[in-house]
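Engineer: Got a structure here, written out as structure tokens. Questions coming.
The values are calculated or read from the model by the stated rules, or taken from the named source; none is laboratory data. Fair warning: this is a prediction, and the values are worked out from it, not measured in the lab. Positions of Cβ are generated from backbone atoms using ideal geometry, with glycine treated the same way; all protein chains shown enter the neighbour counts. Calculation scope for accessible area: heavy atoms of the full protein, side chains included, ligands and nucleic acids excluded. Shrake-Rupley method; radii C 1.70, N 1.55, O 1.52, S 1.80 Å.
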Amino acid sequence: MRAVVAYGHGDLDDLKYETGYRDPEPGADEVILRVRACSMNYHDLFTLRGMPGIKIGFPRIMGIDVAGDVAALGKDVAGWKVGDRVCVDPIDRHGKFAMIGETRDGGLAEYVAVKHYQMIALPADVSYEAGAALPTAYGTAHRMMLERGQIKAGEKVLVLGASGGVGTCCVQLAKQAGCEVIAAASTEEKLEKLKGIGADHGINYASTDFTKAIHEMYGKPRIFGEGGVDVIVNFTGGDTWVASLKALSRGGRMLTCGATAGYSPQTDIRYIWTFEHDIKGSNGWSVSDIEALLAMCQDGRLTPVIDRTLPLTEGREAFRVLDDREVFGKVIVSPDA
């Protein structure tokens, strides 16, 4: 089969497009999917380059998020049939942790083997591209905003890195909840697109100090008064961490699910105790998050933002545009493209 393969940790040039790679065989409790769409995530870049503390075997096919059709069934699989449309929860939640695209081969190929219990039926009126976009990025956003963050109508919510997969979902969820949404992105073009999916205000962090911009919009936070925003979504980390604390209102909440710009930033805990901030971490998603998102897609409340769809032959380019932050929303790789 055709696949994009890594033979060891490295960089984009170390990815190999293969035309005669071995086909996967289903284990007794596995299903072979014909991949229709694979959604790219920053996690794929981290896996390629090597994540501290995580060991994976090589060669490895990356691609965490997959949607496709059932092509073959293991002997112990029941309840599914060839041709069923599905998306996949990338995490094997039974026994020892495993994740497709990381500790097991993923979706940057024509076929992928997954455990039958990781599959979720993909409704006929939800596209393969949308189904592939949901689990990791949108599932993470859904859990962070609704379960961990408890966002509610009337709150002012600042989303940093709003133009990516997680960010575009956070903007839509916050708007649906009745929040006033401030989106931060690196270009005016991205900000205009963010306003098109629900952002009320935009801040170009490449040319503007977002902390000062928040102070100008809502006032500087006061210990016994107004000012700042109620919620900041910060999965960038790095230099944005202390700047975010300075923009957060008294009793405000900082939500984080990652650190794309650095996981060990300098901090200033004086702001946390003085303004009684709540720092809420959110790790991953549940199957119920994916199911809720699928229902939202069906009834029109949510539209996953797809930047582009590339063929397998351009798998390396999919990594590059993600790495260079040339993306608004999700990048999809499809063997059918």
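Engineer: From the backbone phi of segment 216-225, what are the Karplus-calculated ³J(HN,Hα) couplings (6.51 cos²θ - 1.76 cosθ + 1.60, θ = phi - 60°) in whole Hz, Gly and Pro given as x?
Structural biologist: These are the phi-based 3J(HN,Hα) values: 5, 6, 10, x, 6, x, 10, 4, 10, x Hz.
Engineer: Right, next: Debye sum, Cα scatterers, segment 211-306, no solvent: what log₁₀ I/I(0) at q = 0.12, 0.14 1/Å?
Structural biologist: Taking Cα atoms of segment 211-306 as identical point scatterers yields -0.50, -0.64.
Engineer: Here's a follow-up. Convert each backbone phi in segment 163-168 into a coupling constant with the Karplus relation 6.51 cos²θ - 1.76 cosθ + 1.60 (shift: θ = phi - 60°), then list the ³J(HN,Hα) values in order as whole Hz, x for Gly and Pro.
Structural biologist: 8, x, x, 4, x, 5
Engineer: To continue, here is another question. What Rg and what Dmax come out for segment 93-132 when only alpha-carbon atoms are used, in angstroms?
Structural biologist: Expressed in Å, the Cα Rg and Dmax of segment 93-132 come to 11.8, 34.
Engineer: With Cβ to Cβ distances under 10 Å as the rule, what net charge do the other residues near Gly74 carry (K, R +1; D, E -1)?
Structural biologist: -2
Engineer: In addition: Hey, what do the phi angles of segment 259-265 turn into as Karplus ³J(HN,Hα) couplings, whole Hz, using 6.51/-1.76/1.60 and θ = phi - 60°, x for Gly and Pro?
Structural biologist: Karplus-based 3J(HN,Hα) across segment 259-265 equals 7, 5, 10, x, 9, 10, x Hz.
Engineer: Please pull out the direction-averaged projected area of segment 126-280, using the convex hull of its alpha-carbon atoms, in nm² to one decimal place.
Structural biologist: 8.8 nm²
Engineer: Sum -39500 (n - 2.57) across every DSSP H segment of at least 4 residues in the chain, then divide by the residue count to get the 222 nm mean residue ellipticity, nearest 500.
Structural biologist: Computed ellipticity for the chain at 222 nm equals -6500 deg cm²/dmol.
Engineer: Using only the Cα atoms of segment 1-124, each taken as one equal point scatterer with no solvent, compute I(q) by the Debye sum, divide by I(0), and report log10 of the ratio at q = 0.12, 0.13 Å⁻¹.
Structural biologist: Log-scaled intensity ratios, in q order: -0.41, -0.48.
Engineer: Using only the alpha-carbon atoms, what does the chain span along each of its principal axes? Please give whole angstrom values in decreasing order.
Structural biologist: Largest first, the chain extends 65, 40, 38 Å along its Cα principal axes.
Engineer: Could you tell me the center-to-center distance, by alpha carbons, between segment 69-86 and segment 168-242 in angstrom?
Structural biologist: 44 Å
Engineer: Okay, moving on. Alpha carbons only, please: Rg and Dmax for segment 85-175, in angstrom.
Structural biologist: Rg then Dmax for segment 85-175, in Å: 15.3, 46.
Engineer: If you build the Cα gyration tensor of segment 260-337 and take the root of 5 times each eigenvalue, what three semi-axes come out, in whole angstrom, biggest first?
Structural biologist: Square roots of five times the eigenvalues give 33, 22, 11 Å.
Engineer: Counting only protein heavy atoms, what percent of the accessible surface of the chain is carbon or sulfur at a 1.4 Å probe?
Structural biologist: Result for the chain: 49 percent of the exposed heavy-atom area is carbon or sulfur.
Engineer: Another question, if that's okay. Suppose we look only past 17 Å in the calculated P(r) of segment 130-182. What percent of the Cα-Cα pairs does that tail hold?
Structural biologist: When all Cα pairs of segment 130-182 are counted, 28 percent exceed 17 Å.
Engineer: Expected output is a single nm value to one decimal: the length gained when fully extending between Glu188 and Asp239, i.e. 0.36 nm times separation in residues minus the C-alpha distance. What is it?
Structural biologist: Gain on extension, Glu188 to Asp239, equals 16.2 nm.
Engineer: What residues qualify as long-range amide H neighbours of Ala98, i.e. H under 5 Å apart, gap of 5 or more or another chain, H built at 1.01 Å from N?
Structural biologist: Asp92
Engineer: Another question, then. Report the gain in length on full extension from Lys280 to Tyr117: 0.36 nm times residue separation, minus Cα-Cα distance, nm rounded to one decimal.
Structural biologist: The span from Lys280 to Tyr117 would gain 55.7 nm if fully extended.
Engineer: A follow-up question, please. Quick one: accessible area per residue over the chain, 1.4 Å probe, rounded to a whole number of Å²?
Structural biologist: 42 Å²
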